[in-house]
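Okay, so here's the structure we're looking at.
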There are 2 protein chains.
Amino acid sequence: MINIGIVGYGNIGKAARKVIGKTPDMILRGIITRRPEQVKEEILGGPSEEKMALINLDRYVLDLNQKRKWNRLGVDVAILCGGSKEDTPVQGPELAARFNTVDSFDTHADIPGYFQRMDSVAKEAGNVSIVSAGWDPGIFSLERILGNAFLTGGESYTFWGEGVSQGHSDAARKVKGVVDARQYTIPIEEAIQRVRAGETPEFSKRQMHKRLVFIVAEEGADLERVKKEIVEMPKYYDEYDTEVIFISEEEMKRKHSAFPHGGFVLTSGLTGDGNKQILEYKCQLESNPEFTASVLVACARAAYRMNKEGQSGAFTILDFPLGYLSPHSGEILRSRFM
Amino acid sequence: MINIGIVGYGNIGKAARKVIGKTPDMILRGIITRRPEQVKEEILGGPSEEKMALINLDRYVLDLNQKRKWNRLGVDVAILCGGSKEDTPVQGPELAARFNTVDSFDTHADIPGYFQRMDSVAKEAGNVSIVSAGWDPGIFSLERILGNAFLTGGESYTFWGEGVSQGHSDAARKVKGVVDARQYTIPIEEAIQRVRAGETPEFSKRQMHKRLVFIVAEEGADLERVKKEIVEMPKYYDEYDTEVIFISEEEMKRKHSAFPHGGFVLTSGLTGDGNKQILEYKCQLESNPEFTASVLVACARAAYRMNKEGQSGAFTILDFPLGYLSPHSGEILRSRFM
């Protein structure tokens, strides 16, 4: 059995707890959180679980700041489930000094620096840290690199959606007069069709995706100004065609509480004397956080095994044999899955 | 530069030569074949290539049986391009004792045994052998295992086609009265749609694929008997709905000379409280041998690197870090592809 700790109990942390509950070779030893009292309440109020009944909640839910108690949990791998902006860059190195870790750090531009920091801490401590593992970055990165390695001179395109982008929802929520916001990223069908047909166009951002934002506005807010501020917001919205739709708080809750997402990695290239070869990886997720957590949990298995074999340092999904993700032995994988 | 040798100069060997010609970090050092004189003729008659002009053909094309000359080629990695039935099981261990090797051995049931044999020879010789690397087995195996690792309790389905199956074409060609045969494997759309919609049915073989066979018959052959023998052929055809169409030799040549293929790996599973998650990997290939060769060439890069780092033994695509397949460094992969 692999002993798991969850660090951060938001959407992904909660999802990770559910995934571990269904994973026969793992046991959840505890949750490290900034708000232990609240999390204890949530767990007691939630569906009863056999495992939970056996565990003293005070031992199981620890305060993020009481580091001296962390070792109590007896954790083999800590799954970092905090945010990539503020939590993981700080918590990552701190945790990697004590445990094997897995995270889904997803600020693409900062991955090289984060990898270096994690690598030196983890090596020093003799731990394994798998970084930036989710579906993008993560599986999609893998598929981009496979496409590039197999089809020399080919082109890869990544489309996201239709699905909720947390970052864009948060950005819209900061506009004055906005109570709540939910942003859906929508890939543009015509662009997908062109790439699927084997074309290799150069697209602008606007040609690949559009954005749809549902807004609950404050009473009396100037809706035209709110809309204008969202649509023209640099980096997040101004380079896309954005539609803003105002809805009631009740409708937001009823229709937009799920976190579906998905996307495609399409690679198109020519081999030989002009033979068209097209590779496509697609995921269609009713729950983005639960799928991300599923990838993290499989990576925790890999981190545990690699560390048992004496490896240490930081790894992306490109840096270790992917058979380690599977609960099955090499023999079974070769006989049943190859 | 990585020095490559091609062993076997059929469809895949020829395709590998084309792929290597477009791969900047590799140079083709030579071809090992059973029919050196014929291959020399083919190369001289083919499109002129700068590299070829510099090479003495007698040094470049060697007889499979003159083993003492093989070392002349100065090969880092030998790509085995022979057939899985008779060539690779014999040539694999023989070559692995002398070179790093890559092959696409695809008799699924025999992979475990072949892996073991290659592992012991390659370890003994201090070489790396990547086995069963193509798109299936190979990338499709990887996607089946990722699907299984990420979606506990989920189901994976592999559909092939629409495309030419060499094995089924060969089997039909052996029926008395058949001059030539081309078999297309066709996935059944309704089955694909059910899996894409998130259902996890148990399909019979007949429910997933049908077979379409084009036959050039001998003059005066009993067409009804030919058709019956094909449709009822055990293992190859009897478990499928098979349609047989008789065509002229001219039509066969004009319409069925290409080797398109493709397929899908679909994995569907539930996470949390019943959220449906669907993963799909799809390839759509105008030339099956050229794509298989492209995968083999990328694997040759991985074999070379692993051996330089001191590794040895047999590896499937699940057993080494996939970043090794890429011509780019880890730094570039992390900054541009993650």
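The values are calculated or read from the model by the stated rules, or taken from the named source; none is laboratory data. Being a predicted model, the structure only gives us computed values, none of them experimental. All Cβ positions, glycine included, derive from the backbone under ideal geometry; neighbour counts span all protein chains shown. Heavy atoms of the whole protein, side chains included, go into the accessibility calculation; ligands, DNA and RNA do not. Shrake-Rupley method; radii C 1.70, N 1.55, O 1.52, S 1.80 Å.
Within the set B:K235/B:K282; A:K255/B:K210; A:K205/B:K282; A:K18/B:K235; A:K123/A:K235, which residue pairs have Cα atoms separated by over 32 Å?
Details: B:K235/B:K282 26 Å; A:K255/B:K210 42 Å; A:K205/B:K282 25 Å; A:K18/B:K235 43 Å; A:K123/A:K235 36 Å.
Among B:K235/B:K282; A:K255/B:K210; A:K205/B:K282; A:K18/B:K235; A:K123/A:K235, the Cα-Cα distance tops 32 Å for A:K255/B:K210; A:K18/B:K235; A:K123/A:K235.
Summary of the geometry: region B:165-207 and region B:264-323, compared by the centres of their Cα atoms, lie 23 Å apart.
Which value, in debye to the nearest 20, describes the size of the charge dipole of region B:240-295 about its Cα centre when Lys and Arg Cβ atoms bear +1, Asp and Glu Cβ atoms bear -1, and nothing else is charged? Display every interim value, and only then the final one.
On the way: 5 positive and 9 negative charges, 34 e Å.
Computed charge dipole of region B:240-295: roughly 160 debye.
Loop-located GluC sites (Glu not before Pro) across region A:186-219 with a Cβ neighbour count of 13 or fewer within 10 Å are A:E199, A:E202, A:E218, A:E219, with loop assigned by DSSP.
Residues whose amide H falls under 5 Å from that of A:H209, counting only those 5 or more places apart or on a different chain, are A:I188, with hydrogens built in the peptide plane.
Work through the residues other than A:D222 whose Cβ is under 14 Å from its Cβ and net out their charges, Lys, Arg +1 and Asp, Glu -1. All intermediate terms of the calculation are to be shown ahead of the outcome.
Values: positive: A:K176, A:R225, A:K227, A:K228; negative: A:E218, A:E219, A:E224, A:E229.
Here the charged neighbours net out to 0.
Where the only charges are on Cβ atoms (+1 Lys, Arg; -1 Asp, Glu), what is the dipole of chain A about its Cα centre, to the nearest 20 debye? Write down the numbers at each step before the final one.
Numbers: 43 positive and 47 negative charges, 222 e Å.
Approximately 1060 debye in magnitude.
Every helix of 4 or more DSSP H residues in chain B counts as -39500 (n - 2.57), and over all residues that averages to -10500 deg cm²/dmol at 222 nm.
Computed on protein heavy atoms with a 1.4 Å probe, the accessible areas place B:E280, B:E309 in the order B:E309, B:E280, largest first.
Computed about its Cα centre, the charge dipole of region B:139-286 is approximately 220 debye, with only Lys, Arg, Asp and Glu carrying charge at their Cβ. Taking Lys and Arg as +1 and Asp and Glu as -1, the other residues whose beta-carbon sits under 12 Å from that of B:D238 total +1.
For chain B, give the percent of accessible area contributed by carbon and sulfur heavy atoms, probe 1.4 Å, rounded to a whole number.
Numbers: 7010 of 14610 Å².
C and S atoms contribute 48 percent here.
The HN-Hα couplings worked out from phi for region B:328-333 by the Karplus form 6.51 cos²θ - 1.76 cosθ + 1.60 (θ = phi - 60°) are 8, 6, x, 4, 5, 4 Hz, whole numbers, x standing for Gly and Pro.
For the protein assembly as shown, what proportion of DSSP beta bridges, expressed in % and rounded to the nearest 5, is antiparallel? Don't skip to the end; give the middle numbers.
Working: 68 of 126 bridges.
Bridges in the protein assembly as shown that DSSP calls antiparallel: roughly 55 percent.
Taking a Cβ cut-off of under 14 Å around B:L279, the surrounding Lys, Arg, Asp and Glu residues balance to a net charge of -3, with basic ones at +1 and acidic ones at -1. Students often forget the sequence filter, so: which aspartates and glutamates lie under 17 Å Cα-Cα from B:K228 once same-chain residues fewer than 8 apart are removed? Qualifying aspartates and glutamates at Cα under 17 Å: B:D170, B:D180, B:E218, B:D238, B:E239, B:D241, B:E243. Rounded to the nearest whole Hz, the Karplus-based 3J(HN,Hα) values (6.51 cos²θ - 1.76 cosθ + 1.60, θ = phi - 60°) of region B:195-205 follow the sequence 5, 4, 7, x, 6, 10, x, 9, 9, 7, 4, with x at glycine and proline.
Candidates A:G163, A:A181, A:I130 compared by Cα position along the dipole of region A:126-194: farthest toward the positive end lies A:A181, with charges placed on Cβ.
The residues of region A:139-286 present an accessible area of 47 Å² per residue when probed at 1.4 Å with all protein chains retained.
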